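The values are calculated or read from the model by the stated rules, or taken from the named source; none is laboratory data. Please read these numbers as outputs of a predicted model, since none were measured by experiment. Here the Cβ is made from the backbone with ideal geometry for all residues, glycine too, and neighbour counts use every protein chain on show. Note: areas computed on protein heavy atoms with side chains; ligands, DNA, RNA excluded. Shrake-Rupley method; radii C 1.70, N 1.55, O 1.52, S 1.80 Å.
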Amino acid sequence: MKTSADIVIIGGGISGCSIAYNLAKKGVKNIIVLEKSYICSGSTGRCGAGVRMQWGTDMNCKIAKKSIEFYEHANEILEYDRDVDFKQSGYLLIADTDKEIEQFKKNIKIQHKYGIPSRMLNLDEAREIVPYLNTSILKGAAYCEKDGFLNPFHTTDAFYKAAKKLGVEFNTFTEVTNIIVKSDKVVGVVTNNGNIATNCVVNATNGWSKEISEMVGIDIPVYSERHQILATEPVEPMQGPMVMSFGLNLYVQQSPEGSFIMGRGDSNEPRDLRMTSSWEFIEEMAKTIDLILPPISKLRVVRQWAGLYNMTPDKQPIYEKSKDVEGFYMAVGFSGHGFMFGPITGIVMSEMILDEEPTIDVSMLNLNRFKTGNLLLEPSVV
Amino acid sequence: MDENTIICRCSDVTLKEVRNLISEGYITFEEIKRITRIGMGPCQGKTCGQLVMREIALATGKNIKDVKFQTNRPPVVGVKLGLIAEEGRKDED
Ligand SMILES: Cc1cc2nc3c(=O)[nH]c(=O)nc-3n(C[C@H](O)[C@H](O)[C@H](O)COP(=O)(O)OP(=O)(O)OC[C@H]3O[C@@H](n4cnc5c(N)ncnc54)[C@H](O)[C@@H]3O)c2cc1C
(Lines give C-alpha, C1' and ligand atoms only; values in the text may rest on other atoms or scores of the structure.)
Protein backbone atom coordinates (compact mmCIF):
# COMPACT_ATOMS: atom_id res chain seq x y z
CA MET A 1 0.00 0.00 0.00
CA LYS A 2 1.27 3.48 -0.91
CA THR A 3 1.79 5.80 2.05
CA SER A 4 0.60 8.99 0.40
CA ALA A 5 -2.12 9.86 -2.08
CA ASP A 6 -3.70 12.89 -3.73
CA ILE A 7 -7.14 11.50 -3.04
CA VAL A 8 -8.29 8.72 -0.72
CA ILE A 9 -11.77 7.31 -1.30
CA ILE A 10 -13.25 5.27 1.53
CA GLY A 11 -15.68 2.56 0.36
CA GLY A 12 -15.50 0.10 -2.52
CA GLY A 13 -19.15 0.06 -3.58
CA ILE A 14 -20.68 1.55 -6.71
CA SER A 15 -20.16 5.09 -5.37
CA GLY A 16 -16.49 4.73 -4.45
CA CYS A 17 -15.62 2.88 -7.66
CA SER A 18 -17.48 5.39 -9.83
CA ILE A 19 -15.88 8.40 -8.10
CA ALA A 20 -12.42 6.81 -8.50
CA TYR A 21 -13.03 6.09 -12.19
CA ASN A 22 -14.25 9.60 -12.96
CA LEU A 23 -11.35 11.27 -11.17
CA ALA A 24 -8.81 9.02 -12.86
CA LYS A 25 -10.40 9.66 -16.25
CA LYS A 26 -9.92 13.38 -15.66
CA GLY A 27 -6.23 12.76 -15.16
CA VAL A 28 -5.85 12.57 -11.37
CA LYS A 29 -2.93 10.22 -10.85
CA ASN A 30 -2.54 9.28 -7.26
CA ILE A 31 -5.88 7.86 -6.09
CA ILE A 32 -6.36 5.16 -3.46
CA VAL A 33 -9.63 3.38 -2.68
CA LEU A 34 -9.84 1.74 0.73
CA GLU A 35 -12.36 -1.01 1.37
CA LYS A 36 -12.64 -2.79 4.69
CA SER A 37 -13.88 -6.00 3.09
CA TYR A 38 -13.95 -6.93 -0.63
CA ILE A 39 -15.25 -4.79 -3.52
CA CYS A 40 -19.05 -4.77 -3.63
CA SER A 41 -19.39 -6.24 -0.13
CA GLY A 42 -21.67 -3.43 1.09
CA SER A 43 -25.18 -2.52 -0.03
CA THR A 44 -24.23 -2.50 -3.69
CA GLY A 45 -23.68 -6.25 -3.57
CA ARG A 46 -26.96 -6.74 -1.72
CA CYS A 47 -29.33 -4.46 -3.58
CA GLY A 48 -32.30 -5.04 -5.86
CA ALA A 49 -30.34 -3.29 -8.62
CA GLY A 50 -33.39 -1.61 -10.06
CA VAL A 51 -33.01 1.66 -11.95
CA ARG A 52 -35.96 3.94 -12.50
CA MET A 53 -36.70 7.44 -13.66
CA GLN A 54 -40.14 7.63 -12.06
CA TRP A 55 -39.36 10.03 -9.22
CA GLY A 56 -41.27 12.84 -7.58
CA THR A 57 -38.61 15.54 -7.29
CA ASP A 58 -36.85 17.46 -10.06
CA MET A 59 -33.45 16.56 -8.68
CA ASN A 60 -34.02 12.81 -8.53
CA CYS A 61 -35.56 12.83 -12.03
CA LYS A 62 -32.52 14.63 -13.42
CA ILE A 63 -29.97 12.39 -11.71
CA ALA A 64 -31.82 9.16 -12.56
CA LYS A 65 -32.31 10.10 -16.22
CA LYS A 66 -28.63 10.89 -16.73
CA SER A 67 -27.61 7.72 -14.90
CA ILE A 68 -29.83 5.58 -17.13
CA GLU A 69 -28.42 7.25 -20.23
CA PHE A 70 -24.98 6.29 -18.95
CA TYR A 71 -25.99 2.71 -18.19
CA GLU A 72 -27.32 2.33 -21.75
CA HIS A 73 -23.72 2.58 -22.93
CA ALA A 74 -21.84 1.42 -19.83
CA ASN A 75 -20.21 -1.63 -21.45
CA GLU A 76 -18.66 0.49 -24.20
CA ILE A 77 -17.75 3.50 -22.07
CA LEU A 78 -16.08 1.39 -19.40
CA GLU A 79 -14.66 -1.05 -21.98
CA TYR A 80 -15.96 -3.92 -19.88
CA ASP A 81 -14.97 -7.48 -20.80
CA ARG A 82 -18.17 -8.93 -19.32
CA ASP A 83 -21.68 -7.47 -19.54
CA VAL A 84 -23.39 -5.21 -17.02
CA ASP A 85 -26.64 -6.84 -18.20
CA PHE A 86 -28.75 -3.70 -18.45
CA LYS A 87 -32.33 -4.72 -19.22
CA GLN A 88 -34.83 -1.95 -19.83
CA SER A 89 -37.92 -4.00 -19.16
CA GLY A 90 -39.82 -1.21 -17.41
CA TYR A 91 -41.18 -0.40 -13.97
CA LEU A 92 -44.88 -0.78 -13.25
CA LEU A 93 -45.76 1.30 -10.20
CA ILE A 94 -49.11 0.18 -8.81
CA ALA A 95 -51.41 2.29 -6.63
CA ASP A 96 -54.09 1.10 -4.25
CA THR A 97 -55.42 4.49 -3.16
CA ASP A 98 -56.77 7.54 -4.97
CA LYS A 99 -54.27 9.65 -3.10
CA GLU A 100 -51.45 7.68 -4.63
CA ILE A 101 -52.94 8.08 -8.12
CA GLU A 102 -52.91 11.85 -7.56
CA GLN A 103 -49.27 11.65 -6.45
CA PHE A 104 -48.36 9.62 -9.57
CA LYS A 105 -49.99 12.24 -11.78
CA LYS A 106 -48.03 15.00 -10.08
CA ASN A 107 -44.80 13.00 -10.38
CA ILE A 108 -45.39 12.32 -14.07
CA LYS A 109 -45.72 16.05 -14.73
CA ILE A 110 -42.27 16.56 -13.22
CA GLN A 111 -40.88 13.56 -15.10
CA HIS A 112 -42.17 14.85 -18.44
CA LYS A 113 -40.29 18.12 -17.92
CA TYR A 114 -37.12 16.07 -18.32
CA GLY A 115 -38.35 13.93 -21.20
CA ILE A 116 -38.89 10.80 -19.10
CA PRO A 117 -41.33 8.59 -21.06
CA SER A 118 -43.67 7.64 -18.19
CA ARG A 119 -47.46 7.43 -18.33
CA MET A 120 -50.55 6.55 -16.29
CA LEU A 121 -52.23 3.20 -16.99
CA ASN A 122 -55.70 1.99 -16.13
CA LEU A 123 -56.12 -1.47 -14.62
CA ASP A 124 -56.76 -3.20 -17.95
CA GLU A 125 -53.60 -1.70 -19.38
CA ALA A 126 -51.64 -2.75 -16.30
CA ARG A 127 -52.91 -6.33 -16.73
CA GLU A 128 -51.72 -6.33 -20.33
CA ILE A 129 -48.22 -5.75 -19.01
CA VAL A 130 -48.42 -8.16 -16.06
CA PRO A 131 -51.37 -10.52 -16.79
CA TYR A 132 -51.53 -12.20 -13.35
CA LEU A 133 -51.53 -8.93 -11.40
CA ASN A 134 -54.42 -8.98 -8.91
CA THR A 135 -55.99 -5.67 -9.86
CA SER A 136 -59.08 -6.15 -7.68
CA ILE A 137 -57.40 -4.19 -4.90
CA LEU A 138 -55.79 -1.57 -7.14
CA LYS A 139 -56.82 1.82 -8.50
CA GLY A 140 -54.32 2.27 -11.30
CA ALA A 141 -50.68 2.33 -12.23
CA ALA A 142 -47.83 4.33 -13.69
CA TYR A 143 -45.39 2.87 -16.16
CA CYS A 144 -42.06 3.75 -17.73
CA GLU A 145 -40.69 1.30 -20.25
CA LYS A 146 -37.15 2.69 -20.09
CA ASP A 147 -36.71 1.81 -16.40
CA GLY A 148 -35.06 -1.50 -15.65
CA PHE A 149 -32.20 -3.16 -13.81
CA LEU A 150 -28.56 -4.22 -14.10
CA ASN A 151 -26.29 -6.84 -12.64
CA PRO A 152 -24.93 -4.93 -9.62
CA PHE A 153 -21.80 -7.07 -9.30
CA HIS A 154 -20.76 -6.69 -12.91
CA THR A 155 -21.62 -2.99 -12.92
CA THR A 156 -19.38 -2.32 -9.92
CA ASP A 157 -16.71 -4.61 -11.35
CA ALA A 158 -16.83 -2.59 -14.60
CA PHE A 159 -16.14 0.69 -12.76
CA TYR A 160 -13.51 -1.02 -10.59
CA LYS A 161 -11.64 -2.51 -13.54
CA ALA A 162 -11.81 0.70 -15.58
CA ALA A 163 -10.46 2.69 -12.62
CA LYS A 164 -7.70 0.15 -12.03
CA LYS A 165 -6.67 0.37 -15.68
CA LEU A 166 -6.33 4.13 -15.23
CA GLY A 167 -3.96 3.58 -12.33
CA VAL A 168 -6.20 3.75 -9.24
CA GLU A 169 -4.86 1.66 -6.34
CA PHE A 170 -7.51 -0.45 -4.60
CA ASN A 171 -6.74 -1.81 -1.16
CA THR A 172 -9.31 -4.35 -0.02
CA PHE A 173 -9.53 -5.73 3.52
CA THR A 174 -8.21 -2.36 4.65
CA GLU A 175 -10.33 -0.58 7.21
CA VAL A 176 -10.12 3.12 7.91
CA THR A 177 -10.00 3.53 11.68
CA ASN A 178 -9.37 7.27 11.86
CA ILE A 179 -8.95 10.41 9.78
CA ILE A 180 -6.36 12.91 10.89
CA VAL A 181 -7.33 16.58 10.83
CA LYS A 182 -4.94 19.46 11.60
CA SER A 183 -6.12 23.10 11.76
CA ASP A 184 -9.43 22.08 10.16
CA LYS A 185 -7.67 20.38 7.24
CA VAL A 186 -7.52 16.70 6.37
CA VAL A 187 -3.93 15.49 6.51
CA GLY A 188 -4.17 11.72 6.52
CA VAL A 189 -6.04 8.50 7.21
CA VAL A 190 -5.24 5.71 9.61
CA THR A 191 -5.98 2.13 8.57
CA ASN A 192 -5.45 -1.31 10.02
CA ASN A 193 -2.69 -1.70 7.37
CA GLY A 194 -0.86 1.56 7.99
CA ASN A 195 -1.24 5.30 7.46
CA ILE A 196 -1.70 7.31 4.28
CA ALA A 197 -0.84 11.01 4.06
CA THR A 198 -3.42 12.90 2.02
CA ASN A 199 -5.22 16.26 1.87
CA CYS A 200 -8.38 14.88 0.31
CA VAL A 201 -10.72 12.18 1.64
CA VAL A 202 -14.05 11.12 0.17
CA ASN A 203 -16.56 9.39 2.40
CA ALA A 204 -18.41 6.87 0.20
CA THR A 205 -19.27 4.39 2.91
CA ASN A 206 -23.07 4.44 2.75
CA GLY A 207 -24.24 2.49 5.84
CA TRP A 208 -21.17 3.56 7.81
CA SER A 209 -21.11 7.18 6.64
CA LYS A 210 -22.10 8.65 10.00
CA GLU A 211 -19.24 6.88 11.76
CA ILE A 212 -16.71 8.01 9.13
CA SER A 213 -17.88 11.64 9.23
CA GLU A 214 -17.62 11.59 13.02
CA MET A 215 -13.90 10.84 12.60
CA VAL A 216 -13.45 14.42 11.35
CA GLY A 217 -15.91 15.80 13.88
CA ILE A 218 -18.86 16.31 11.53
CA ASP A 219 -22.25 15.11 12.66
CA ILE A 220 -24.50 14.24 9.72
CA PRO A 221 -28.26 13.63 10.09
CA VAL A 222 -28.31 10.17 8.55
CA TYR A 223 -29.13 6.78 9.98
CA SER A 224 -28.80 3.25 8.65
CA GLU A 225 -31.75 0.94 8.36
CA ARG A 226 -31.68 -2.78 7.62
CA HIS A 227 -33.52 -3.72 4.43
CA GLN A 228 -34.22 -7.29 3.46
CA ILE A 229 -34.68 -9.03 0.18
CA LEU A 230 -35.07 -12.59 -1.11
CA ALA A 231 -34.61 -14.67 -4.26
CA THR A 232 -36.70 -17.61 -5.47
CA GLU A 233 -35.73 -20.63 -7.53
CA PRO A 234 -35.36 -19.74 -11.22
CA VAL A 235 -38.28 -20.29 -13.62
CA GLU A 236 -39.08 -19.54 -17.28
CA PRO A 237 -39.45 -15.81 -18.07
CA MET A 238 -42.95 -14.71 -17.00
CA GLN A 239 -42.67 -11.11 -15.79
CA GLY A 240 -41.23 -8.27 -17.83
CA PRO A 241 -41.19 -5.18 -15.64
CA MET A 242 -40.36 -4.55 -12.02
CA VAL A 243 -43.65 -4.31 -10.10
CA MET A 244 -43.44 -1.78 -7.29
CA SER A 245 -45.88 -0.37 -4.77
CA PHE A 246 -45.15 2.30 -2.18
CA GLY A 247 -48.48 1.84 -0.41
CA LEU A 248 -48.41 -1.96 -0.31
CA ASN A 249 -44.69 -1.88 0.34
CA LEU A 250 -43.09 -4.17 -2.21
CA TYR A 251 -40.86 -4.40 -5.22
CA VAL A 252 -40.49 -7.56 -7.26
CA GLN A 253 -38.72 -8.35 -10.49
CA GLN A 254 -37.62 -11.42 -12.40
CA SER A 255 -33.87 -11.48 -13.02
CA PRO A 256 -32.40 -12.61 -16.36
CA GLU A 257 -31.43 -15.88 -14.62
CA GLY A 258 -35.14 -16.50 -13.94
CA SER A 259 -35.28 -16.04 -10.16
CA PHE A 260 -37.71 -13.56 -8.70
CA ILE A 261 -36.06 -11.00 -6.46
CA MET A 262 -38.32 -9.18 -4.01
CA GLY A 263 -38.01 -6.85 -1.05
CA ARG A 264 -39.91 -4.46 1.15
CA GLY A 265 -39.16 -1.91 3.84
CA ASP A 266 -40.08 -1.96 7.51
CA SER A 267 -40.19 1.34 9.34
CA ASN A 268 -40.01 -0.48 12.68
CA GLU A 269 -36.51 -1.69 11.95
CA PRO A 270 -33.89 -0.81 14.56
CA ARG A 271 -31.50 1.89 13.38
CA ASP A 272 -28.30 -0.05 13.78
CA LEU A 273 -25.77 -1.70 11.52
CA ARG A 274 -27.11 -5.25 11.66
CA MET A 275 -27.29 -7.11 8.37
CA THR A 276 -29.00 -10.29 9.51
CA SER A 277 -32.16 -11.88 8.10
CA SER A 278 -35.46 -12.21 9.93
CA TRP A 279 -38.54 -14.45 9.74
CA GLU A 280 -40.88 -11.48 10.02
CA PHE A 281 -39.63 -10.20 6.69
CA ILE A 282 -40.08 -13.43 4.77
CA GLU A 283 -43.54 -13.93 6.25
CA GLU A 284 -44.79 -10.43 5.43
CA MET A 285 -43.23 -10.61 1.98
CA ALA A 286 -44.90 -13.95 1.26
CA LYS A 287 -48.32 -12.62 2.32
CA THR A 288 -48.00 -9.53 0.14
CA ILE A 289 -46.86 -11.51 -2.92
CA ASP A 290 -49.65 -14.03 -2.45
CA LEU A 291 -52.13 -11.16 -2.52
CA ILE A 292 -50.72 -9.12 -5.40
CA LEU A 293 -49.03 -11.57 -7.75
CA PRO A 294 -50.56 -14.95 -6.75
CA PRO A 295 -48.72 -17.29 -9.19
CA ILE A 296 -45.36 -16.24 -7.79
CA SER A 297 -46.25 -17.65 -4.39
CA LYS A 298 -45.90 -21.15 -5.91
CA LEU A 299 -42.15 -20.57 -6.10
CA ARG A 300 -39.65 -21.63 -3.49
CA VAL A 301 -37.48 -19.12 -1.68
CA VAL A 302 -33.84 -20.13 -1.98
CA ARG A 303 -32.05 -17.26 -0.29
CA GLN A 304 -32.81 -14.21 1.80
CA TRP A 305 -30.33 -11.57 2.87
CA ALA A 306 -30.11 -7.99 4.12
CA GLY A 307 -28.24 -4.77 3.54
CA LEU A 308 -28.27 -1.18 4.77
CA TYR A 309 -30.15 1.84 3.50
CA ASN A 310 -28.42 5.05 4.57
CA MET A 311 -31.37 7.37 5.15
CA THR A 312 -31.53 11.18 5.12
CA PRO A 313 -34.46 13.24 6.41
CA ASP A 314 -35.65 14.07 2.87
CA LYS A 315 -34.65 10.74 1.31
CA GLN A 316 -32.29 12.35 -1.17
CA PRO A 317 -28.49 11.96 -1.14
CA ILE A 318 -25.89 14.26 0.37
CA TYR A 319 -23.22 15.42 -2.09
CA GLU A 320 -21.00 17.66 -0.01
CA LYS A 321 -17.72 19.49 0.02
CA SER A 322 -17.27 20.20 3.69
CA LYS A 323 -17.17 23.81 4.75
CA ASP A 324 -15.85 22.93 8.20
CA VAL A 325 -13.04 20.54 7.35
CA GLU A 326 -11.02 21.34 4.26
CA GLY A 327 -10.44 18.34 2.02
CA PHE A 328 -13.38 16.26 3.32
CA TYR A 329 -16.08 15.21 0.85
CA MET A 330 -19.21 13.10 1.20
CA ALA A 331 -21.35 11.10 -1.21
CA VAL A 332 -23.73 9.42 1.19
CA GLY A 333 -27.33 9.06 2.36
CA PHE A 334 -28.74 7.53 -0.80
CA SER A 335 -31.85 6.35 1.08
CA GLY A 336 -32.13 3.16 -0.94
CA HIS A 337 -31.41 4.40 -4.45
CA GLY A 338 -27.67 4.83 -4.59
CA PHE A 339 -27.07 2.05 -7.06
CA MET A 340 -28.99 3.72 -9.85
CA PHE A 341 -27.35 7.07 -9.05
CA GLY A 342 -23.85 5.53 -9.19
CA PRO A 343 -22.74 6.93 -12.56
CA ILE A 344 -23.82 10.47 -11.68
CA THR A 345 -22.38 10.24 -8.17
CA GLY A 346 -18.98 9.67 -9.79
CA ILE A 347 -19.41 12.55 -12.22
CA VAL A 348 -20.67 15.18 -9.79
CA MET A 349 -18.20 14.29 -7.05
CA SER A 350 -15.23 14.40 -9.41
CA GLU A 351 -16.41 17.81 -10.64
CA MET A 352 -16.86 19.04 -7.09
CA ILE A 353 -13.38 17.87 -6.07
CA LEU A 354 -11.70 19.35 -9.16
CA ASP A 355 -13.69 22.58 -8.99
CA GLU A 356 -15.25 22.09 -12.40
CA GLU A 357 -18.55 23.28 -13.84
CA PRO A 358 -21.15 20.68 -12.73
CA THR A 359 -22.92 18.45 -15.27
CA ILE A 360 -25.98 18.59 -12.99
CA ASP A 361 -26.18 21.31 -10.35
CA VAL A 362 -26.45 19.25 -7.16
CA SER A 363 -25.56 22.12 -4.82
CA MET A 364 -29.03 21.87 -3.25
CA LEU A 365 -28.05 18.41 -1.98
CA ASN A 366 -25.56 19.96 0.44
CA LEU A 367 -25.47 19.26 4.16
CA ASN A 368 -26.66 22.73 5.07
CA ARG A 369 -30.19 22.02 3.80
CA PHE A 370 -30.94 20.11 6.98
CA LYS A 371 -30.03 23.18 9.05
CA THR A 372 -31.96 25.68 6.97
CA GLY A 373 -34.92 23.32 6.63
CA ASN A 374 -34.68 23.66 2.88
CA LEU A 375 -35.55 19.98 2.35
CA LEU A 376 -36.38 18.42 -1.00
CA LEU A 377 -38.71 15.67 0.18
CA GLU A 378 -38.92 12.69 -2.17
CA PRO A 379 -42.41 11.14 -1.96
CA SER A 380 -41.72 7.94 -3.91
CA VAL A 381 -39.57 5.50 -1.96
CA VAL A 382 -40.03 1.97 -0.62
CA MET B 1 -10.09 -32.41 -14.24
CA ASP B 2 -10.94 -30.99 -17.67
CA GLU B 3 -11.08 -27.19 -17.46
CA ASN B 4 -14.44 -27.13 -19.23
CA THR B 5 -16.02 -29.20 -16.47
CA ILE B 6 -19.01 -27.43 -14.99
CA ILE B 7 -18.39 -27.16 -11.27
CA CYS B 8 -21.48 -25.10 -10.40
CA ARG B 9 -24.53 -26.83 -11.77
CA CYS B 10 -26.99 -24.18 -10.61
CA SER B 11 -25.33 -21.36 -12.54
CA ASP B 12 -23.32 -23.25 -15.20
CA VAL B 13 -19.86 -22.12 -14.15
CA THR B 14 -16.81 -23.96 -15.48
CA LEU B 15 -13.56 -24.70 -13.70
CA LYS B 16 -11.81 -22.53 -16.28
CA GLU B 17 -13.90 -19.48 -15.40
CA VAL B 18 -13.08 -19.91 -11.72
CA ARG B 19 -9.36 -20.34 -12.43
CA ASN B 20 -9.35 -17.26 -14.66
CA LEU B 21 -10.97 -15.13 -11.98
CA ILE B 22 -8.51 -16.32 -9.35
CA SER B 23 -5.61 -15.43 -11.62
CA GLU B 24 -7.17 -11.99 -12.16
CA GLY B 25 -7.06 -11.45 -8.39
CA TYR B 26 -10.57 -12.40 -7.22
CA ILE B 27 -9.38 -14.69 -4.44
CA THR B 28 -12.24 -14.97 -1.99
CA PHE B 29 -15.37 -17.08 -2.38
CA GLU B 30 -17.59 -14.00 -2.01
CA GLU B 31 -15.82 -12.16 -4.85
CA ILE B 32 -15.99 -15.15 -7.18
CA LYS B 33 -19.63 -15.63 -6.24
CA ARG B 34 -20.52 -12.06 -7.08
CA ILE B 35 -19.05 -12.24 -10.56
CA THR B 36 -20.17 -15.75 -11.55
CA ARG B 37 -23.27 -16.35 -9.35
CA ILE B 38 -21.54 -19.51 -8.08
CA GLY B 39 -23.19 -20.53 -4.80
CA MET B 40 -26.26 -18.37 -5.41
CA GLY B 41 -28.43 -21.12 -6.89
CA PRO B 42 -30.89 -23.46 -5.18
CA CYS B 43 -28.05 -25.65 -3.79
CA GLN B 44 -26.42 -22.62 -2.13
CA GLY B 45 -22.93 -23.89 -2.82
CA LYS B 46 -23.40 -27.39 -1.40
CA THR B 47 -21.94 -28.91 -4.57
CA CYS B 48 -19.50 -26.28 -5.81
CA GLY B 49 -18.36 -24.84 -2.48
CA GLN B 50 -15.58 -27.30 -1.71
CA LEU B 51 -14.37 -27.25 -5.31
CA VAL B 52 -14.04 -23.48 -5.41
CA MET B 53 -12.35 -23.37 -2.01
CA ARG B 54 -9.87 -26.00 -3.15
CA GLU B 55 -9.02 -23.89 -6.21
CA ILE B 56 -8.52 -20.80 -4.02
CA ALA B 57 -6.34 -22.79 -1.64
CA LEU B 58 -4.23 -24.19 -4.49
CA ALA B 59 -3.72 -20.80 -6.09
CA THR B 60 -2.96 -18.85 -2.92
CA GLY B 61 -0.97 -21.54 -1.13
CA LYS B 62 -3.38 -21.40 1.80
CA ASN B 63 -4.59 -24.38 3.75
CA ILE B 64 -8.19 -25.06 2.64
CA LYS B 65 -9.20 -24.81 6.31
CA ASP B 66 -8.23 -21.11 6.18
CA VAL B 67 -10.27 -20.33 3.08
CA LYS B 68 -13.56 -18.73 4.00
CA PHE B 69 -16.82 -20.07 2.56
CA GLN B 70 -19.67 -17.70 1.67
CA THR B 71 -22.20 -16.50 4.25
CA ASN B 72 -24.89 -19.13 4.66
CA ARG B 73 -28.29 -17.71 3.79
CA PRO B 74 -31.64 -18.83 5.12
CA PRO B 75 -33.80 -20.77 4.40
CA VAL B 76 -31.80 -24.00 4.62
CA VAL B 77 -34.08 -25.67 2.07
CA GLY B 78 -36.32 -24.04 -0.53
CA VAL B 79 -39.75 -23.23 0.91
CA LYS B 80 -42.75 -22.19 -1.17
CA LEU B 81 -43.77 -18.59 -0.61
CA GLY B 82 -47.44 -19.64 -0.56
CA LEU B 83 -46.82 -22.01 2.35
CA ILE B 84 -45.08 -19.28 4.32
CA ALA B 85 -47.98 -16.93 3.58
CA GLU B 86 -50.50 -19.55 4.73
CA GLU B 87 -48.66 -20.16 7.99
CA GLY B 88 -48.26 -16.43 8.48
CA ARG B 89 -51.99 -15.82 8.09
CA LYS B 90 -52.71 -18.52 10.70
CA ASP B 91 -50.77 -16.45 13.22
CA GLU B 92 -53.06 -13.51 12.52
CA ASP B 93 -56.26 -15.39 13.43
C1 LIG C 1 -32.12 -4.66 0.11
C2 LIG C 1 -31.67 -3.45 -0.66
C3 LIG C 1 -32.24 -3.18 -1.90
C4 LIG C 1 -31.83 -2.07 -2.65
N5 LIG C 1 -32.37 -1.87 -3.88
C6 LIG C 1 -31.91 -0.85 -4.64
C7 LIG C 1 -32.38 -0.66 -5.97
O8 LIG C 1 -33.20 -1.44 -6.47
N9 LIG C 1 -31.89 0.39 -6.68
C10 LIG C 1 -30.97 1.25 -6.17
O11 LIG C 1 -30.58 2.19 -6.86
N12 LIG C 1 -30.51 1.10 -4.91
C13 LIG C 1 -30.95 0.07 -4.14
N14 LIG C 1 -30.48 -0.08 -2.86
C15 LIG C 1 -29.57 0.93 -2.31
C16 LIG C 1 -28.16 0.74 -2.83
O17 LIG C 1 -27.75 -0.58 -2.57
C18 LIG C 1 -27.20 1.71 -2.14
O19 LIG C 1 -27.72 3.01 -2.13
C20 LIG C 1 -25.87 1.74 -2.89
O21 LIG C 1 -25.41 0.42 -3.10
C22 LIG C 1 -24.86 2.57 -2.15
O23 LIG C 1 -23.60 2.36 -2.75
P24 LIG C 1 -22.31 2.86 -2.03
O25 LIG C 1 -21.17 2.53 -2.92
O26 LIG C 1 -22.51 4.28 -1.65
O27 LIG C 1 -22.27 2.02 -0.69
P28 LIG C 1 -21.89 0.48 -0.39
O29 LIG C 1 -22.09 -0.39 -1.56
O30 LIG C 1 -22.60 0.09 0.86
O31 LIG C 1 -20.35 0.57 -0.14
C32 LIG C 1 -19.81 1.17 1.00
C33 LIG C 1 -18.54 0.43 1.32
O34 LIG C 1 -17.82 1.10 2.35
C35 LIG C 1 -17.10 0.14 3.06
N36 LIG C 1 -16.69 0.69 4.35
C37 LIG C 1 -17.48 1.06 5.39
N38 LIG C 1 -16.75 1.50 6.41
C39 LIG C 1 -15.46 1.43 6.02
C40 LIG C 1 -14.21 1.75 6.66
N41 LIG C 1 -14.15 2.22 7.91
N42 LIG C 1 -13.06 1.53 5.96
C43 LIG C 1 -13.10 1.05 4.69
N44 LIG C 1 -14.24 0.73 4.07
C45 LIG C 1 -15.41 0.92 4.71
C46 LIG C 1 -18.08 -1.01 3.19
O47 LIG C 1 -17.45 -2.24 3.46
C48 LIG C 1 -18.78 -0.98 1.84
O49 LIG C 1 -18.25 -1.91 0.93
C50 LIG C 1 -30.86 -1.19 -2.11
C51 LIG C 1 -30.29 -1.46 -0.86
C52 LIG C 1 -30.67 -2.59 -0.14
C53 LIG C 1 -30.03 -2.86 1.18
Check your understanding: What percentage of all Cα-Cα pairs in region A:143-225 are separated by more than 19 Å?
Key -> 56 percent
Check your understanding: Too long at a 18 Å Cα-Cα cut-off: which of A:K36/A:K210; A:K105/A:K287; A:K25/A:K164; A:K2/A:K25; A:K26/A:K164?
Key -> A:K105/A:K287; A:K2/A:K25
Revision key, fill the gap. Kirkwood Rh for region A:185-277 from C-alpha pairs, in Å, is 16.9 Å
Exercise for review: With a point put 7 Å past each Cα toward its Cβ, work out how far A:E236 is from B:S23 in nm, to one decimal.
Suggested key: 4.0 nm
Revision key, fill the gap. If the label point sits 7 Å along Cα→Cβ of A:L376, residues of region A:73-117 with amide N under 19 Å come out as A:106-116
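Ratio of alpha-carbon Rg to the 2.2 N^0.38 Å globular estimate for region A:76-170, to two decimals, please.
Taking N as the residue count of region A:76-170, the ratio is 1.49.
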Exercise for review: Would you mind working out the magnitude of the charge dipole of region A:75-125 relative to its Cα centre, with +1 at each Lys and Arg C-beta and -1 at each Asp and Glu C-beta, to the nearest 20 Debye?
Suggested key: 420 debye
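When Lys and Arg each count +1 and Asp and Glu each count -1, what net charge do the other residues less than 15 Å away from A:V28, Cβ to Cβ, add up to?
+1
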Point to revise | Pairwise Cα inverse-distance average, inverted: Kirkwood Rh of region A:210-261 (Å) | key: 14.1 Å
Practice item. Could you order B:K68, A:K315 so the one with the most accessible surface comes first? Probe is 1.4 Å. Key: B:K68, A:K315
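How large is Rg/Rh for the protein assembly as shown, to two decimals, with Cα atoms and a Kirkwood Rh?
Across the protein assembly as shown, the Cα-based Rg/Rh ratio is 0.96.
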Study note, to complete from the structure: Extension length gain for A:S183 and A:N368 (0.36 nm per residue less Cα distance), in nm, is 64.4 nm
**Study point:** Anchor A:K106: lysines whose Cα lies under 17 Å away (excluding residues fewer than 8 positions away in-chain)
**Key:** A:K62, A:K139
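Using only helices, what value at 222 nm comes out for the protein assembly as shown when you add -39,500 (n - 2.57) per DSSP H run of length 4 or more and divide by the total residues, to the nearest 500 deg cm²/dmol?
For the protein assembly as shown, the value works out to -9000 deg cm²/dmol.
For region A:1-77, what does the convex hull of the Cα positions come to per residue, in cubic angstrom? All intermediate terms of the calculation are to be shown ahead of the outcome.
On the way: hull volume 9.8 nm³, N = 77.
With only Cα atoms used, region A:1-77 gives 127 Å³ per residue.
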Review point. Using the scaling law 2.2 N^0.38 Å as the reference, what is the normalised Cα Rg of region B:28-78?
Key: 1.12
Check your understanding: Considering the dipole of region A:229-382 built from charges on the beta carbon (Lys and Arg +1, Asp and Glu -1) around the Cα centre, which of A:V243, A:N268, A:T312 is farthest to its positive end?
Key -> A:N268
Point to revise | Percentage, to the nearest whole number, of Cα pairs in chain B over 16 Å apart | key: 58 percent
Practice item. Excluding residues on the same chain fewer than 8 positions from A:K182, give the lysines whose Cα lies under 16 Å from its Cα. Key: A:K323
Review point. How big, on average over all directions, is the shadow cast by the Cα convex hull of region A:64-132, in nm²?
Key: 6.1 nm²
Revision key, fill the gap. Per 5 angstrom bin, beginning at 0 and ending with the bin that holds the maximum distance, the Cα pairs of region A:274-341 fall in percents of 3, 13, 14, 14, 14, 16, 9, 5, 5, 4, 2, 0
**Study point:** Full-stretch length increase - B:F69, B:E87 - with 0.36 nm per residue and alpha-carbon distance subtracted
**Key:** 3.2 nm
Review point. Around A:H337, with a cut-off of 11 angstrom between Cβ atoms, what is the net charge of the other residues, counting Lys and Arg +1 and Asp and Glu -1?
Key: +1
Revision key, fill the gap. For region A:200-331, Rg(Cα) over 2.2 N^0.38 Å is 1.29
Point to revise | chain A: most fluctuating residue of A:E145, A:E233, A:E351 per GNM, C-alpha cutoff 10 Å | key: A:E233
Practice item. Any aspartates and glutamates with Cα under 18 Å of the A:K321 Cα? List them, leaving off those in the same chain fewer than 8 positions away. Key: A:D6, A:D184, A:E211, A:E214, A:D219, A:E351, A:D355, A:E356, A:E357, A:D361
